[in-house]
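Q: Could you have a look at this structure, given as structure tokens, before my questions?
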Amino acid sequence: MKITDLKCAVIADSPVIRITTDEGITGWSQIETPKPYVKPQVLDLRDWIVGQDPRDVERVMRRIRVRGGFKPFGSAVSAIEHALWDIAGKAAGVPAYRLLGGKVRDKVRTYRTLYQRELGVGHSPEDYVKWAEYGRALPEGFTMFKLPTSFHSSMVRDVPNFFYGDVQENAPFPYPHKGVITEDGMKFLVDCVTAAKETLGSSIGLAVDAGPGYMPLDALKFARAVEHLNLLWIEDTVTGDYSPYVNHDVYRDVTHATTTPIHCGEQIYLRQNYKHLIESHAVNVIGPDPCDVGGLAEIKWVAEHADLHGIAVAPHGTANGILGLAALVQVCATLPDNLIAFEYPARFDPFWYDITEGFDGVPVNGGLIEVSDRPGLGVNLIPKEARKYLTDGDSDFFD
């Protein structure tokens with residue numbers, strides 16, 4: 001079997017990858033919604049994989065892995081790897097999890113991130129109560145939630161004098177704010193998180209997305225101030241989303257001085273860049289994203305290495321779409337017992353269920369998703385339906 005073509009189309013701001021073969025088997029994958037600009041990077045890799053046997057996933061990946069980097073530059077490489085596993089599974093007539101070592105669980109737990117725009121509310125303790133109440137009422141029965149706060153939200157702009165720094169507008173990078181949080185800002189932040197957690201109660205877990213942008217001492221102050229809330233974790237304080245580095249030594253200083261679990265890692269590309277973070281016990285929880293870390297085999301390697309060192313894993317996946325959801329389910333079925341849950345990709349339009357087959361509507365029940373036994377990743381685009389959402393520049397995507 002040989003790869004005959006690699007194509008990429010942007011559907012609702014989400015790049016979708018299609019790899020075709022000379023035996024008529026197609027592999028699908030998806031890159032998270034806010035990255036339509038990644039399409040040229042995907043297409044630049046076409047000549048490096050055409051003519052290769054897609055079932056030799058590692059051999060193909062060795063041809064392109066060097067062309068990726070920390071988020072967002074690992075997305076193209078990672079998504080191609082997903083599509084290769086999709087083809088390999090279909091060729092063998094088995095789900096991808098069988099090729100990744102077999103599943104250790106029949107259902108995987110997923111957690112839901114709640115967003116400000118869902119309710120049209122702001123950032124105040126009263127608003128965080130509304131978010132928590134909204135989450136509890138969701139029909140999927142999620143048992144864990146994550147809330148954006150501080151530098152990972154508009155709180156930094158909405159709350160006067162939240163930190164000692166300049167509030168930037170229209171910055172050329174996603175998370176431009178960094179600085180020392182004021183005493184009033186810290187109190188406000190703790191009040192918001194406390195309100196949300198008390199509303200959720202002890203039967204529902206709460207994680208907090210926080211940065212990047214924290215000074216280490218503020219990260220420690222915050223973590224200690226909420227120790228009594230028994231949070232699942234505090235995510236991305238010192239570094240994080242779109243940070244092109246790790247700073248494991250700084251994280252270690254925070255982690256070892258608090259009982260609140262400290263989490264980071266969604267931006268990191270490749271297993272080698274997790275070594276110091278894991279081996280120095282710099283965090284309690286890592287959150288690699290399968291569409292940024294280098295692929296499904298890569299995230300499994302990282303999770304296994306973390307398990308050897310007593311570190312938990314909670315894979316990222318906030319906007320990886322319905323094909324990304326399928327990939328997350330397959331790989332998380334194979335991860336060791338240090339898996340907490342993966343982030344449910346809630347940020348995609350409902351029409352995706354109409355243009356794909358494999359999920360019969362929203363698959364979450366009681367916060368769990370049953371692992372599919374369909375070949376490959378288990379979800380395919382329906383060309384006839386998906387054509388309706390192609391732009392003019394992608395009109396030949398299914399040809």
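Q: If PRO288 satisfies all but one of (1) of a type outside the set (A, V, I, L, M); (2) in a helix (DSSP H, G or I); (3) farther than 15 Å from ARG252 by Cα, what's the number of the condition it fails?
A: (2)
Q: Return the only residue of VAL246, VAL180 being on the phi < 0 side of the Ramachandran plot and within 25 Å of the chain's Cα centre (by Cα). Can you show your working first?
A: Values: VAL180 fails: within 25 Å of the chain's Cα centre (by Cα).
The match here is VAL246.
Q: Can you report the number of residues in the range 323-359 which are in a helix (DSSP H, G or I), surrounded by fewer than 24 Cβ atoms within 10 Å (Cβ to Cβ) and in contact with a strand residue (DSSP E or B) (Cβ under 7 Å, 6 or more places away or on another chain)?
A: 1
Q: Modelled with pLDDT under 95, crowded, with 16+ Cβ neighbours inside 10 Å and either under 24 Å from the mean Cα position of the chain (by Cα) or part of a strand (DSSP E or B) (or both): which single residue out of TYR111, TYR175 fits that description?
A: Sole residue among the options that is modelled with pLDDT under 95, crowded, with 16+ Cβ neighbours inside 10 Å and either under 24 Å from the mean Cα position of the chain (by Cα) or part of a strand (DSSP E or B) (or both): TYR175.
Q: Restricting attention to the range 230-278, which residues are in contact (Cβ under 8 Å) with a residue 60 or more places away in the chain and aromatic (Phe, Trp, Tyr)?
A: TRP233, TYR242, TYR245, TYR269
Q: Name the residues in the range 114-126 that are at pLDDT 95 or above and over 15 Å from SER150 (Cα atoms), would you?
A: First, the residues of the range 114-126 that are at pLDDT 95 or above: 125-126.
The answer is GLU126, and nothing else.
Q: Now for a separate question. Working only within the range 387-398, note down all residues that are within 19 Å of ASP5 (Cα to Cα) and in a helix (DSSP H, G or I).
A: Matches in the range 387-398: ARG387, GLY393, ASP394.
Q: Restricted to the range 59-78, and to residues that are in a helix (DSSP H, G or I) and out of contact with any helix residue (DSSP H, G or I) (no Cβ under 7 Å at 6 or more places or on another chain), which residue is surrounded by the most Cβ atoms within 10 Å (Cβ to Cβ)?
A: If we filter the range 59-78 for residues that are in a helix (DSSP H, G or I), which is where we start, we get 59-67, 75-78.
So of that shortlist, the ones also out of contact with any helix residue (DSSP H, G or I) (no Cβ under 7 Å at 6 or more places or on another chain) come out as 59, 62, 66, 78.
Values: ARG59: 12, ARG62: 10, VAL66: 11, SER78: 29.
That would be SER78.
Q: Looking at GLU357, GLU343, which one is modelled with pLDDT of 95 or more and within 20 Å of SER78 (Cβ to Cβ)?
A: Result of the check over GLU357, GLU343: GLU343.
The values are calculated or read from the model by the stated rules, or taken from the named source; none is laboratory data. Not measured: the values here are computed from a predicted model. All Cβ positions, glycine included, derive from the backbone under ideal geometry; neighbour counts span all protein chains shown.
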